Amino acid sequence: MIARWLHHRSRIPRRLRMLVALLSAAGCLTLVSQSAAAGSNGSQPGARAPLTKLPFAPGPGAETVPTPTSPTLIAEGQSLFDERCASCHGLDLQGRRGIAPSLIGVGAGPVDFYLSTGRMPLANYRAQPWREPPAFKRRGIEALIAYIVHRGGGPPAPTADPSRGSLSLGFRLFDENCAGCHSIVARGGIVIGAQVPNLQRATPQQIAEAVRMGPYLMPHFDATQLNQHDLNSLARYVLWTRHPENLGGWGIYNIGPIPEGLVTWFLGLLSLVIVIRLIGERTT
Ligand code: HEC
Ligand code: HEC
């Protein structure tokens, strides 16, 4: 049937077809110029941030996770570190210029964040660290935290309690501080120089740690910018985005702006084929 429709001679008069062609061309141009304008705002960092960005210490009244201090864990952590981390971060945690930052003073938060999200140990020091299944079981992570904090010092890990946060405040703060990169539904995206992950798997503690330390190109926020109640609220909002109610429009499974954009492209291309068929004419 489609083949017949594609091959039959058009019954629409030539002038009308010309008009449709001009109108759709003008429509396409406005759409393209609008989406280009929309894409050009939003915060976009220019280049990779300096390697060591010490995390902000927890503010007054902040919730923190106790740092493990047992001598057995510290000893276990040391052998794991020497084996899996020292080649880049140095045997004394001092870092290696151009390869990996020093871990002196980073404290428990970044270590827990990078290990529990599987970002470390990094395979290639030039690559952006990315979320993967963790390389260590929880005990190995605790051991590395114990050793690195014992050797290098630094603040305890921050955390957040979504049940004490406010959803509406979380939405507002996320919109102001995070959505420019992570998209308002926390599905991630791309900024210049980095891929931005979706937040579908981050735990409240990982959210608090990311906010205080700012992994990779992400900025970091101290307690005067986002206090503990703000952190709790952000965590509550991020958890909420995993089961959003779709108020109108097509949800398309909330897959994120890039794939949703592809769906739009697909629909657009399909309608172009139809328009082309309406205005075109077979000459053979
Ligand atoms: C191939 C080299 C490499 C290996 C191996 C490696 N790292 Fe890293 N690490 C890096 C690089 C590069 C960065 C900086 C990443 C960034 O810019 O976000 C980093 C960053 C970190 C940070 C954040 C530091 C900061 O300034 O906030 C922590 C914590 C960390 N690594 C822990 C570890 C631990 C623990 C191991 C071993 C289990 C490990 N790394 C193994 C290269 C490596
Ligand atoms: C300039 C862009 C930018 C902004 C603004 C930003 N982030 Fe990020 N965020 C990133 C990037 C890039 C990463 C990935 C870092 C990496 O590769 O290690 C990230 C990672 C994360 C992660 C880890 C996700 C995971 O599961 O591994 C969390 C959680 C997070 N951000 C939360 C936030 C919150 C909450 C805010 C607002 C307070 C925020 N981000 C603001 C760019 C941004």
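For the reader, a short list of remarks on this structure follows.
- Scan of the stretch 115-148 for residues that are in contact with a helix residue (DSSP H, G or I) (Cβ under 9 Å, 6 or more places away or on another chain) and under 17 Å from P197 (Cβ atoms), ordered by number: L115, S116, T117, R119, M120, L122, P129, P134
- Scanning the stretch 155-206 for residues that are assigned to a loop (DSSP other than H, G, I, E, B), out of contact with any strand residue (DSSP E or B) (no Cβ under 8 Å at 6 or more places or on another chain), within 30 Å of T67 (Cα to Cα) and not small (G, A, S) gives D161, C178, P197, N198, L199, Q200, R201, T203.
- Residue tally, condition assigned to a helix (DSSP H, G or I), more than 6 Å from ligand 1 (Cβ to nearest atom) and not hydrophobic (A, V, I, L, M, F, W, C), over the stretch 100-132: 3
- Across the stretch 210-234, the number of residues qualifying as polar (S, T, N, Q) and under 15 Å from P155 (Cβ atoms) comes to 1.
- D175 passes every criterion in (1) farther than 20 Å from G214 by Cβ; (2) surrounded by fewer than 21 Cβ atoms within 10 Å (Cβ to Cβ); (3) within 15 Å of ligand 2 (Cβ to nearest atom) apart from (1).
- The set of residues from the stretch 134-143 being assigned to a loop (DSSP other than H, G, I, E, B), without any contact (Cβ under 8 Å) to a residue 40 or more places away in the chain and away from ligand 2 (no atom under 12 Å from the Cβ) comprises just one member, K137.
- Complete set of residues in the stretch 178-195 that are surrounded by 20 or more Cβ atoms within 10 Å (Cβ to Cβ) and within 16 Å of ligand 1 (Cβ to nearest atom): C181
Laboratory data are not the source of any read-out in this text; all were calculated from the coordinates shown. Everything numeric here is computed off the predicted structure, so don't read it as measured data. Positions of Cβ are generated from backbone atoms using ideal geometry, with glycine treated the same way; all protein chains shown enter the neighbour counts.
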